[in-house]
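Trainee: Structure provided below as structure tokens; questions to follow.
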Amino acid sequence: EYFRGRHIKDARTGGDVEKPVYSVSVICPGSAMTADALSTVMFIYGREKGEAFLKAYYPFAKAVWIGSKH
């Protein structure tokens with residue numbers, strides 16, 4: 001079974017991220033580092049909150065949600 005994110009910790013709790021997503025990739029022009037950081041944010045926030053965050057702060061970026069359990 002494919003699963004990403006066990007290495008990602010939620011800084012608010014210090015624990016593992018418990019989300020119904022296997023992996024998130026972000027396409028962002030200009031910087032691979034920004035895309036990488038945003039994919040971690042998306043994973044932690046989850047799809048609904050993550051999409052709202054991208055729309056508000058990075059409208060030029062696109063998240064690709066992979067293997068959602070829903």
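The values are calculated or read from the model by the stated rules, or taken from the named source; none is laboratory data. All values derive from a computational prediction rather than experimental measurement. Using ideal geometry, Cβ is built from the backbone for each residue, glycine included, and neighbour counts are taken over all protein chains shown. Keep in mind that these areas ignore ligands, DNA and RNA; they rest on the heavy atoms of the full protein, side chains included. Shrake-Rupley method; radii C 1.70, N 1.55, O 1.52, S 1.80 Å.
Trainee: Being in a helix (DSSP H, G or I) and closer than 18 Å to R12 by Cα narrows it down to one residue among K49, K55; which is it?
Mentor: On the way: K55 fails: closer than 18 Å to R12 by Cα.
The conditions single out K49.
Trainee: Another question about this same structure. Is there a residue in the stretch 58-67 that is in contact with a Lys or Arg (Cβ under 8 Å, 6 or more places away or on another chain), modelled with pLDDT of 85 or more, open to solvent by 100 Å² or more (accessible area, probe 1.4 Å) and not in a helix (DSSP H, G or I)?
Mentor: No, every residue in the stretch 58-67 fails to be in contact with a Lys or Arg (Cβ under 8 Å, 6 or more places away or on another chain), modelled with pLDDT of 85 or more, open to solvent by 100 Å² or more (accessible area, probe 1.4 Å) and not in a helix (DSSP H, G or I).
Trainee: Separate question: Restricted to the stretch 22-43, and to residues that are more than 9 Å from the chain's Cα centre (by Cα) and open to solvent by less than 50 Å² (accessible area, probe 1.4 Å), which residue is modelled with the lowest pLDDT?
Mentor: The residue in question is Y22.
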